[in-house]
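One structure is given below, encoded as structure tokens.
The values are calculated or read from the model by the stated rules, or taken from the named source; none is laboratory data. What you are looking at is a predicted structure, and each value in this text was computed from that prediction instead of being measured. Because the Cβ atoms are built from the backbone with ideal geometry, glycine has one as well, and the counts that use them run over all protein chains shown.
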Amino acid sequence: MATDTNAAGPRSWERLRRNALVQLAVMGACLMAWMIGFAGFAMPALRGLGTAGTFAGDAVRILGALVYIATAISLYRLLVQWIERRTAVELARKPGAALGFLGFAIGALLFCGVISLLCLVGAAQLAGFGDTTRLVASLSAAMMAAVGEELLFRGVLFRILEQAAGTVTALLVSALLFGLAHIANPNATLFSSLAIAIEAGLLLGLAFVATRNLWFPIGIHLAWNFTQGGIFGASVSGSASPGLVKTFFLGPDWLTGGAFGPEASVISLALCIALALVFAQLARNRGRWKPTKLRLQLD
């Protein structure tokens, strides 16, 4: 009887460890605690050590972003090893490095395409150089957002939901939650949140499905945010971001995105949907689409 009692504890933990809801709760809570704690308390303190555009100000911003990223990635790897009992192959450096650079190029070209079309229809005008002092600050913010959000939404939420309920369900749920996570942003509307859910939630989810490597959506996310705010000076998810180029937006909100920024533009929506369909077809061709099912106990 003593042996059975002693064995009950490990068996109970094993069942809990393999439960999808437990994995989501524990891994998600740990990552969110780090993201909110560092971005909410440590980063503002670091920014107070120097003004953006000065050597000291830019140095502490980049250093802070690197510490945030390194710790978030290490925490993710440890959680995967401890709870899932495996190596986080989705963060493998090979082919992760190449995929990250490819994703960055795609993300930058994608937003340049948005600006080009807005200029073509007369909804945007480029008016020379803007604020060059904010370039490093924009880059550090884009780095933190890309890594933190991709680890949480694609690395934890999407990936575990996909194991539990299939690719389609995971895409829809994670995209919806990603959009809702931006509904409290400055100047956000119901349409802007829906646009974010489709442009980022579905697009980046499908980018992960097509490659099964998180560095690919991280690269796209980073380049999109940095090009949008740091280069063209457009609002990033509702927050103003002075950029290298001074850009003026003219026309109705449905076309320009209004105060929320170009992410709420129908042009951004159309281009991101088109690219998402490309990733979806690529994922199907590679046999990386998981069938719809429902199970709480994971392998």
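A few comments on the model shown:
- Among the residues here, A137 qualifies as in a helix (DSSP H, G or I), surrounded by 23 or more Cβ atoms within 10 Å (Cβ to Cβ) and more than 15 Å from the chain's Cα centre (by Cα).
- Among (1) over 30 Å from Q23 (Cα atoms); (2) surrounded by fewer than 20 Cβ atoms within 10 Å (Cβ to Cβ); (3) modelled with pLDDT of 95 or more - the single one A88 does not satisfy: (1)
Residues checked against (1) of a type in the set (F, W, Y); (2) touching a Lys or Arg at 6+ places or on another chain (Cβ under 9 Å); (3) closer than 26 Å to L135 by Cβ:
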| residue | (1), (2), (3) |
| --- | --- |
| I198 | no, no, no |
| G201 | no, no, no |
| F226 | yes, no, yes |
| S237 | no, no, yes |
| T247 | no, no, yes |
| T256 | no, no, yes |
| C272 | no, no, yes |
| R284 | no, no, no |
| L298 | no, yes, no |
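- A residue that is farther than 27 Å from I62 by Cα, basic (K, R) and surrounded by fewer than 23 Cβ atoms within 10 Å (Cβ to Cβ) cannot be found anywhere in the range 242-251.
Yes or no, residue by residue, for (1) in a helix (DSSP H, G or I); (2) closer than 24 Å to W224 by Cβ:
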{"site": "V60", "(1), (2)": "yes, no"}
{"site": "A72", "(1), (2)": "yes, yes"}
{"site": "R77", "(1), (2)": "yes, no"}
{"site": "V80", "(1), (2)": "yes, no"}
{"site": "R86", "(1), (2)": "no, no"}
{"site": "E90", "(1), (2)": "yes, yes"}
{"site": "K94", "(1), (2)": "yes, no"}
{"site": "F104", "(1), (2)": "yes, yes"}
{"site": "G107", "(1), (2)": "yes, yes"}
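- Applying the condition of being under 13 Å from T247 (Cα atoms) and surrounded by fewer than 18 Cβ atoms within 10 Å (Cβ to Cβ) to the range 104-119 and asking which residue is farthest from the chain's Cα centre (by Cα) yields C119.
- Residue in the range 264-276 that is under 26 Å from P95 (Cβ atoms) and either small (G, A, S) or in a loop (DSSP other than H, G, I, E, B) (or both) present: yes
- Filter pass, A195 being in contact with a Leu (Cβ under 6 Å, 6 or more places away or on another chain) and either free of Cβ contacts under 8 Å to residues at least 60 places away in the same chain or under 26 Å from C30 (Cβ atoms) (or both): no
- For the range 177-190, taking the residues that are under 18 Å from A276 (Cβ atoms) and touching a helix residue (DSSP H, G or I) at 6+ places or on another chain (Cβ under 6 Å), the one that is surrounded by the most Cβ atoms within 10 Å (Cβ to Cβ) is identified as F178.
- Here Y68 does not fit the description of being more than 30 Å from D131 (Cα to Cα) and part of a helix (DSSP H, G or I).
- For the range 222-270, the set of residues classified as charged (D, E, K, R) and free of Cβ contacts under 8 Å to residues at least 60 places away in the same chain consists of D253 only.
Condition check ((1) in contact with a Gly (Cβ under 9 Å, 6 or more places away or on another chain); (2) touching a residue at least 24 places away in the same chain (Cβ under 8 Å)) across all residues:
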| position | (1), (2) |
| --- | --- |
| W82 | no, no |
| A98 | no, no |
| A105 | yes, yes |
| T132 | yes, yes |
| A145 | no, yes |
| F153 | yes, yes |
| V168 | no, yes |
| G179 | yes, no |
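- In the range 237-263, the residues that are in contact with a Gly (Cβ under 6 Å, 6 or more places away or on another chain), part of a strand (DSSP E or B) and hydrophobic (A, V, I, L, M, F, W, C): V245
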